[in-house]
1. Could you tell me whether P197 is surrounded by fewer than 17 Cβ atoms within 10 Å (Cβ to Cβ) and either touching a helix residue (DSSP H, G or I) at 6+ places or on another chain (Cβ under 8 Å) or within 18 Å of R55 (Cβ to Cβ) (or both)?
2. Before we move on, is P81 free of Cβ contacts under 8 Å to residues at least 40 places away in the same chain and in contact with a strand residue (DSSP E or B) (Cβ under 8 Å, 6 or more places away or on another chain)?
3. Pick from L436, L440: which is out of contact with any Gly (no Cβ under 7 Å at 6 or more places or on another chain), at pLDDT 95 or above, of a type outside the set (K, R) and within 13 Å of F357 (Cα to Cα)?
4. Would you mind listing the strands (runs of 3 or more DSSP E) fully within the stretch 546-633 where at least 2 residues are more than 20 Å from D521 (Cα to Cα) and in contact with a strand residue (DSSP E or B) (Cβ under 9 Å, 6 or more places away or on another chain)?
5. Could you say which residue among F281, F276 is of a type in the set (A, V, I, L, M, F, W, C), more than 22 Å from D410 (Cα to Cα) and assigned to a strand (DSSP E or B)?
6. Taking the conditions exactly as written (outside any helix (DSSP H, G or I) and in the same structural domain as R258 (by TED's automatic domain parsing)), does S313 satisfy them or not?
7. So which residues in the stretch 63-80 are over 35 Å from the mean Cα position of the chain (by Cα) and not small (G, A, S), if there are any at all?
8. Before we move on, is I221 among the β-branched types (V, I, T), touching a residue at least 60 places away in the same chain (Cβ under 8 Å) and farther than 21 Å from H325 by Cα?
Amino acid sequence: MLSTGTTILPFPDLFSLNAIFTIFQKNVSMNFYRTLLFGCFLFLTVSLAAQLAVRYDVSLDHIRQHEAVITVEFPALPPQPLEIIMPSSSPGRYAVHHFAKNVYAEKAYDADGNQLPLQKTDIDRWEVSGHQGYVKFQYTLFANHGDGTYSGIDNRKLHLNMPSAFVFAPVAEKRPIELHFDLSKHPDWSVATQLKPLSESAFWAPNYYYFFDSPTMVGAIDFRRWTSDSNGKTYTIEIAAMHEGTDEELNDYTEWVRQVVEAQKAVYGGLPDFDFGRYTFLVSYNPWINGDGMEHRNSTVCSSKGNLANNASGLIGTISHEFFHAWNVERIRPKSLEPFDFTRANMSGELWFAEGFTSYYDDLILRRTGIYDEERYRRGLIGTLNYVLNSPGRQSYSPIGMSQRAPFVDAASSIDEHNTANIFVSYYPYGAVIGLALDLSLRQKFEAVTLDDLMKYLWEHYGKTEVPYQVPDLQNALAEVCGDADFAESFFANYIYKSELPDFGPLFAQMGWKLELANPDQSDLAGLNLDFSEEGVKITGGIVKGHSLYTAGVQSGDFLLTLNGTAVSDEEAWKKILSELKIGKNYAIQYRQNGLEESGEFTLVQDPRITLEVDEKAKKTAASKRAAWLGGE
């Protein structure tokens with residue numbers, strides 16, 4: 001059966017260019033006006049067909065089994081067999097995800113309800129032939145892992161990340177999309193999405209690209225809405241929450257979110273021009289969801305098993321990160337991700353900026369709003385700096401190279417061991433440290449220029465205009481903003497194209513903070529992860545390039561036998577051995593690896609971990625500069 005309003009065109013070869021050309025050839029004997037009118041008719045008919053919507057209907061009859069029966073109608077098709085594809089990649093993710101594994105019971109029908117030949121051509125592709133211009137494709141979707149990447153279906157909700165839930169047909173990829181839910185058995189449920197509403201249970205997207213970028217929640221949703229003005233327009237900002245908390249807790253949290261929105265708007269000088277005049281926070285904080293945060297053009301998914309009663313100050317960090325993406329990555333967009341391909345892994349060398357600079361701003365915004373105090377913000381920097389500054393991975397790749405490894409690490413799955421700890425630094429904290437370095441460097445060298453100025457410039461020239469950028473564009477933008485091309489060239493040469501980092505000591509000193517070793521009299525062996533048992537003293541982690549024991553060949557999983565000629569028998573013996581070692585001296589070690597006894601030598605290394613403390617002597621004189629950076633108390 002056809003859905004209401006669907007039309008089948010009477011030309012089986014209508015979309016074939018060869019057929020259209022043949023028709024014109026056969027009508028060359030017509031007078032000019034008849035030929036012209038016939039051509040115009042064909043053109044208008046083809047244009048009309050191209051605007052016919054692809055319709056998705058979602059049945060909720062089997063949600064307690066984590067299943068949804070999804071029916072898709074493809075009208076006005078060209079005569080060749082219809083290819084249908086299940087996506088394998090998702091916006092905001094860069095690895096391959098085999099969503100097709102949860103699709104089964106596939107069937108295809110024609111306009112009269114007759115079953116059509118359906119052939120599976122690949123692990124995520126089907127082909128329908130003999131359709132006469134119309135196909136109804138039906139399948140069952142299993143989904144029980146709701147988060148920002150996958151979908152979850154149960155008796156409480158439908159939590160849908162669109163690429164993990166819906167197939168598409170490339171031939172119809174530019175057509176409008178209609179999405180319909182049958183909520184007749186769930187009258188208390190509602191729908192939250194960035195899609196344009198047609199009714200309370202029906203929604204519209206201009207094409208499949210926007211559709212796949214529009215996560216959707218269905219269930220008992222608690223809404224909070226307010227407005228924000230920007231550039232002569234008024235936008236609705238809404239929180240659509242599935243949570244176990246009280247109204248008062250959600251109201252207080254909503255105020256935090258509102259403060260984050262306004263503080264980030266101040267960075268860029270205005271909000272993006274949200275489609276349909278609305279931005280939606282799809283918030284799910286309950287035991288029946290998985291933790292994640294995922295940005296989209298006019299919405300974000302923020303989910304956690306935590307709750308507003310005990311975890312609000314932690315959950316708000318994800319809100320801050322994902323909303324900053326409404327500018328940086330959704331509109332200030334790297335050319336490497338344009339257009340996003342839903343059928344393969346998408347590699348980008350700019351994630352250090354798109355994700356990393358966003359990571360720098362997420363906590364900074366929370367400090368500027370006062371949600372975080374100065375001490376919490378400073379303590380957060382310590383962990384990030386220790387990870388990036390002391391990671392051996394920085395010697396393997398520049399920030400660009402780290403970004404390009406995203407398809408191997410961004411929720412990618414594997415069962416074989418890998419050497420990520422030695423060759424990779426996550427582009428999130430790596431980029432955040434680069435953003436911190438650039439912001440502090442600008443404030444030190446130019447006084448009146450900050451990273452906010454660079455973000456505003458990029459917003460005006462690449463975000464509002466939606467012109468995709470490349471790395472050289474970022475360097476040129478920095479040169480324009482600070483007025484010093486040599487500074488911009490040097491910064492990118494050393495810290496973007498290579499993996500160096502500046503001396504942070506003077507950069508923090510201008511803010512009244514001091515960077516120093518956390519344990520100046522301690523070696524890195526003090527932080528070694530050990531398991532003391534009857535089986536022996538087993539190393540359970542912590543051996544990476546640069547560690548004292550790495551050059552001796554020691555690896556995680558080995559058993560320590562002797563160190564400096566003394567048996568490592570238990571925890572007490574280990575502590576005594578450590579107390580006798582000297583940093584910079586050479587020592588012998590014996591250990592058991594894969595059942596064989598091995599020996600080696602190593603030089604004891606200083607514990608490289610740092611701390612960041614307030615310099616009481618400089619705190620007062622640096623107060624105004626620190627306030628300009630972090631905001632007041």
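The values are calculated or read from the model by the stated rules, or taken from the named source; none is laboratory data. All figures in this text were calculated on a predicted structure; none of them were measured in a lab. With ideal geometry, Cβ positions are generated from the backbone for all residues, glycine too; neighbour counts draw on all protein chains shown.
1. Working: surrounded by fewer than 17 Cβ atoms within 10 Å (Cβ to Cβ): yes; either touching a helix residue (DSSP H, G or I) at 6+ places or on another chain (Cβ under 8 Å) or within 18 Å of R55 (Cβ to Cβ) (or both): yes.
When the stated conditions are applied, P197 passes them.
2. Values: free of Cβ contacts under 8 Å to residues at least 40 places away in the same chain: no; in contact with a strand residue (DSSP E or B) (Cβ under 8 Å, 6 or more places away or on another chain): yes.
For P81, the condition - free of Cβ contacts under 8 Å to residues at least 40 places away in the same chain and in contact with a strand residue (DSSP E or B) (Cβ under 8 Å, 6 or more places away or on another chain) - is not met.
3. Working: L440 fails: within 13 Å of F357 (Cα to Cα).
One residue alone meets the criteria, L436.
4. 559-563, 586-593, 596-603
5. Working: F276 fails: assigned to a strand (DSSP E or B).
It is F281.
6. Details: outside any helix (DSSP H, G or I): no; in the same structural domain as R258 (by TED's automatic domain parsing): yes.
Spelling it out, it is not the case that S313 is outside any helix (DSSP H, G or I) and in the same structural domain as R258 (by TED's automatic domain parsing).
7. The initial filter retains those residues of the stretch 63-80 that are over 35 Å from the mean Cα position of the chain (by Cα), namely 76, 78-80.
Listed by number, the residues that qualify are P78, P79, Q80.
8. On the way: among the β-branched types (V, I, T): yes; touching a residue at least 60 places away in the same chain (Cβ under 8 Å): no; farther than 21 Å from H325 by Cα: yes.
In short, no.
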